[in-house]
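What follows is a set of notes on a single structure, which appears directly below.
The values are calculated or read from the model by the stated rules, or taken from the named source; none is laboratory data. Keep in mind that this is a model prediction, so the values were computed, not measured. As a convention, Cβ positions derive from the backbone with ideal geometry for all residues, glycine included, and neighbour counts pool all protein chains shown. Surface accessibility is based on the protein's heavy atoms, side chains included, excluding ligands, DNA and RNA. Shrake-Rupley method; radii C 1.70, N 1.55, O 1.52, S 1.80 Å.
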Amino acid sequence: MDFPLTDLMDQDACYHKLVGLLHPDGLACPACEASDRLRVHRRHRAPVLDYRCGGCGRVFNAFTATDLDGTHRRPAQIMLILRGFAQGVPTAQLARELGCDRKHLMELRRRMQGHATRWLDRNPLGDPEVEADEMYQNAGEKGLEHEDPDDPPRRRANGRRGHGTFANDRPPVAGVVGRESGEVRLEVLESSGSAELGEFVAGACLSGTTVNTDEWCGYNRVDGRHGRVHVTVDHSGPRGSYAIDADGDGVREVHCNTMEGIWTGLRNFLRPFRGVSKWCESEYVAMFQWGHNIKGVTDEFLRCMLGLGPHTDFAS
């Protein structure tokens, strides 16, 4: 059920939190960047104050020249929106709980998730051993009108057999997870062919890494790149063969079970949205990757959502 929270949060604390996120070096004039000659101009929206710059005369507030420029939302409501986006709360539910317009809230979500996708960590994993796998998520053309009653967008992918593609509304999501760090790298691909999967795996781990996959032919190029060791497990047989002991030490070290568990988490993350557009799926996958890797929301992550990028001296 929905639970409105707007009146239960402290506006002053939320405002100071947003100022710290948007201006980690201190509030300054967006025109001349002066910070030592600011005076309060208006208090009619306290705690959000309007300032006048003593140098150039510009009137501004803490949200001017940011992604929140022109917003009339209260600081507590903005923080709740950020919280909802980070936790994967559907836009319709957020709009009902916070009394927002759904269309405008969706536009804000798209913009902030786009920022989070831009600043996603794409550095290769440093783990000596990783697992690579792919999943296929039904993602059609949600949000676009379809005049053909025989081509329902939510059913088109369900009847597809075999490995899906972006074109048939079952885009593959490729993933690599480090066994030591537990960090994951995810990417939505056009198809699960050897060219795309091989390039993705090569960029997600270092040379010399041992890569565990299943026997799908899309991974045939993995062992030919920079000395990587490619070991496979057969998923077509009984469950007892899903993990094998290749070196005879009694430990079934060849498997993709960690990555399979992450797919369960990703599907659970996407399920409340009741379908996402394939054009936007990468943004939702990026939000899941952020959450999986950092576990708890950090100030750096919130800055990325707000379009400011990581700040080297910013304390998370």
- [ ] Give, as a single signed number, the net charge of other residues whose beta carbon lies under 12 Å from the beta carbon of residue 17, with Lys and Arg counted +1 and Asp and Glu -1.
- [x] -1
Open item on the list: Suppose R0 equals 35 Å. What FRET efficiency, 1/(1 + (r/R0)^6) with r the Cβ-Cβ distance, do residue 274 and residue 195 give to the nearest 0.05?
Closed with: 0.60
TODO: Multiply the residue gap between residue 65 and residue 234 by 0.36 nm, knock off their C-alpha separation, and tell me the result in nm, one decimal place.
DONE: 55.4 nm
Open item on the list: Student exercise: in the chain, how many lysine pairs 8 or more apart or on different chains have Cα atoms under 27 Å apart?
Closed with: 6
Open item on the list: If amide hydrogens are placed 1.01 Å from N in the peptide plane, which non-local residues have theirs closer than 5 Å to the one on residue 230?
Closed with: 211
Open item on the list: Could you compute the net charge surrounding residue 89? Neighbours are other residues with a C-beta less than 14 Å from the C-beta of residue 89; K and R count +1, D and E count -1.
Closed with: +4
Open item on the list: Using the Cα centre of the chain as the reference point, and only Cβ charges (+1 on K/R, -1 on D/E), how large is the resulting charge dipole? Debye, rounded to the nearest 20.
Closed with: 1540
TODO: Starting at the first residue of region 100-114, write each ³J(HN,Hα) from the Karplus equation 6.51 cos²θ - 1.76 cosθ + 1.60 with θ = phi - 60°, in whole Hz, x for Gly and Pro.
DONE: 9, 6, 4, 5, 5, 5, 5, 4, 5, 4, 4, 5, 6, 5, x
TODO: Heads up, I need the accessible area for residue 230: 1.4 angstrom probe, whole protein in place, Å², nearest 10.
DONE: 40
Task: Rounded to the nearest 10 Å², the accessible area of residue 187 at probe 1.4 Å - done: 90
Open item on the list: Please report the projected area of region 34-122's Cα convex hull averaged over all directions, in nm².
Closed with: 7.5
- [ ] Find which of 38, 28, 5 sits farthest along the positive direction of the dipole of region 1-45, computed with +1 on the beta-carbon of Lys and Arg, -1 on that of Asp and Glu, about the Cα centre.
- [x] 38
Task: Neighbourhood charge, 13 Å Cβ-Cβ cut-off, centred on residue 263 and excluding it, Lys, Arg +1 and Asp, Glu -1 - done: -3
Open item on the list: Just to verify a number: what accessible area does residue 234 come out at with the full protein assembly present, 1.4 Å probe, Å² rounded to tens?
Closed with: 60
Open item on the list: Could you work out the relative contact order of the chain? I mean the mean sequence separation of Cα pairs under 8 Å and 6+ apart, divided by the number of residues, in percent.
Closed with: 18
Task: Nearest-0.05 FRET efficiency for residue 93 and residue 33, computed from C-beta distance (R0 45 Å) - done: 0.70
Task: Extension gain, residue 294 back to residue 264 (0.36 nm per residue minus Cα-Cα distance, nm) - done: 9.0 nm
Open item on the list: Suppose the chain between residue 44 and residue 252 were pulled fully straight at 0.36 nm per residue; how much longer would it get relative to their current alpha carbon spacing?
Closed with: 68.3 nm
TODO: Run the numbers on region 40-119 and let me know its relative contact order in percent, using alpha-carbon pairs under 8 Å that are six or more apart.
DONE: 14
Task: Per residue convex hull volume, Cα atoms of the chain, in Å³ - done: 181
